[in-house]
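K.L.:
Structure provided below as structure tokens; questions to follow.
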Amino acid sequence: MQDFVKTLGLKHRREVPGKSAIFSGEHFVLEETDWYLLNLFRLWWHYGISFLRLQMWVEEVMEKFMRIYKYQAHGYAFSSLEELLRSLGGDAFVNMTQRSVAESLLEVGVTQRFVDDVIAAVLRSSYGQSVLVPAFAGAMSLAGAQGSTWAVEGGNKLVCSGLLKLTKANVIPARVTGISLHSSEGRALYQVHYEGSEGQGSAFYDMVVVTTPLHPSRSNFIFENFEPPIASFPSAFQPSVTSVVHGYLNSSYFGFPDPKLFPFASILTTDTPDLFFNAMDNICPVNISAAFRRKQPQEAAVWRVLSQQPLDKQQLKTLFRSYYSVQVMEWQSYPRYDSTKSLPPIMLHDNLFYLSGVEWVASSMEMIAVAAKNVALLAYNRWYQDLEKIDQKDLMHKVKTEL
């Protein structure tokens, strides 16, 4: 994503400081302050050295994951998610998609209390799920929670629209309904069927990349003439509700009767049955001027509330003293990681590729970008029969010798 931003001449959005806290439904179990050393002391006081063990574990995973950028810079690609993961961290990375993040962290000495309070809060905020999500997805989420995330000035959507314009692609504004297999001169040919405002249509392609999730709850794709048949993958997505509320926060619910004293811009939550929301934060506009400041806690501000169900009026009244408007977006945001134990394929047919399967390893914009480049390199190497660039072993040694 950093390369895309640089290529398109975009800028990182200016960060606006704001403190975070973790709420249990009754009180805050952990509060961030303006002083770094005090934050470290509080972590140590409550959880011992668990936060250091967490940091070491995440850094080890990320250091190995970063190898993918070197591999791709040299044109290497992988025909399956398992092969990609093995090239980065061996069988241990593959196993991290099959065991929970809680199990992995407890194994390296992180305490159960730290998992219940901190890890659960981060995963509820990012994936809307519990500490039972796979370890690899959990590591990616926890890496982002350590302050390394960023946004694009003007909105992250500018990356997508900018790349689309840069490629000069011929965009057909229609919904794809299916793909049928044909052959021409002994080579596979794919007919893509679609329907739009002008009716139904189709076109033939040598290569096709499917980017929509092939799961019953997300698509109704039809594949024709494929042997063996291509079926949807038996797994599900996690429902998520985002409510954008312009109003006055009810700080009394969080233990602050005087709203002027409420110090937090982001509230995470523990996995408590009575809590009806996963997280909420005081959001900033996509364009931030030099004079911009956050609203004072007693002022009306724009809050984003993440939940698994739409908030009813009573729940809104619990969180806000009063509000001007509420905008609600319901969507199936991330895979429900407890619904499958196997990873989807990358190759559905000779030159028919599947991109969205990487979400079952970990779901983020960066993971999709990495997977997209892998598919592009895989398609290129297969088309030109450069098979030495596909699924190679001991790539770290090969890359060093090529340098």
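The values are calculated or read from the model by the stated rules, or taken from the named source; none is laboratory data. Owing to the predicted nature of the structure, the values given are computational and were not obtained by experimental measurement. Glycine also receives a Cβ, built like all others from the backbone with ideal geometry; neighbour counts cover every protein chain displayed. All accessible areas refer to the heavy atoms of the entire protein, side chains included, with ligands and DNA or RNA removed. Shrake-Rupley method; radii C 1.70, N 1.55, O 1.52, S 1.80 Å.
K.L.:
Residue check, Thr272 against (1) polar (S, T, N, Q); (2) over 30 Å from Val133 (Cβ atoms); (3) surrounded by fewer than 19 Cβ atoms within 10 Å (Cβ to Cβ), all met but one. Which one?
P.N.:
(2)
K.L.:
In the set Ser79, Ser125, Ser104, which member is small (Gly, Ala, Ser), part of a helix (DSSP H, G or I), touching a residue at least 24 places away in the same chain (Cβ under 8 Å) and open to solvent by 20 Å² or more (accessible area, probe 1.4 Å)?
P.N.:
Ser125
K.L.:
So, in segment 290-308, exactly how many residues are open to solvent by 70 Å² or more (accessible area, probe 1.4 Å) and more than 19 Å from Phe23 (Cα to Cα)?
P.N.:
5
K.L.:
Across segment 130-181, what is the number of residues that are among the polar types (S, T, N, Q) and either assigned to a loop (DSSP other than H, G, I, E, B) or touching a Leu at 6+ places or on another chain (Cβ under 8 Å) (or both)?
P.N.:
Summing the residues that are among the polar types (S, T, N, Q) and either assigned to a loop (DSSP other than H, G, I, E, B) or touching a Leu at 6+ places or on another chain (Cβ under 8 Å) (or both) in segment 130-181 gives 5.
K.L.:
Glu359 versus (1) part of a loop (DSSP other than H, G, I, E, B); (2) more than 26 Å from Ser20 (Cα to Cα); (3) in contact (Cβ under 8 Å) with a residue 40 or more places away in the chain: which is the lone unmet condition?
P.N.:
The one condition Glu359 does not meet is (1).
K.L.:
Tell me, yes or no, whether segment 150-167 has at least one residue that is surrounded by 16 or more Cβ atoms within 10 Å (Cβ to Cβ), more than 18 Å from Trp57 (Cβ to Cβ) and β-branched (Val, Ile, Thr).
P.N.:
yes
K.L.:
If I ask for residues that are in a strand (DSSP E or B) and either more than 24 Å from the chain's Cα centre (by Cα) or surrounded by fewer than 16 Cβ atoms within 10 Å (Cβ to Cβ) (or both), which ones from segment 210-237 would you list?
P.N.:
Ile222, Phe223, Glu224
K.L.:
Name, by its number, the condition in (1) touching a Phe, Trp or Tyr at 6+ places or on another chain (Cβ under 6 Å); (2) farther than 30 Å from Ser80 by Cα; (3) surrounded by 13 or more Cβ atoms within 10 Å (Cβ to Cβ); (4) not hydrophobic (A, V, I, L, M, F, W, C) that does not hold for Gln332.
P.N.:
Exception for Gln332: condition (2).
K.L.:
Which number in (1) in contact (Cβ under 8 Å) with a residue 60 or more places away in the chain; (2) out of contact with any Lys or Arg (no Cβ under 7 Å at 6 or more places or on another chain) marks the one condition that Val399 misses?
P.N.:
(2)
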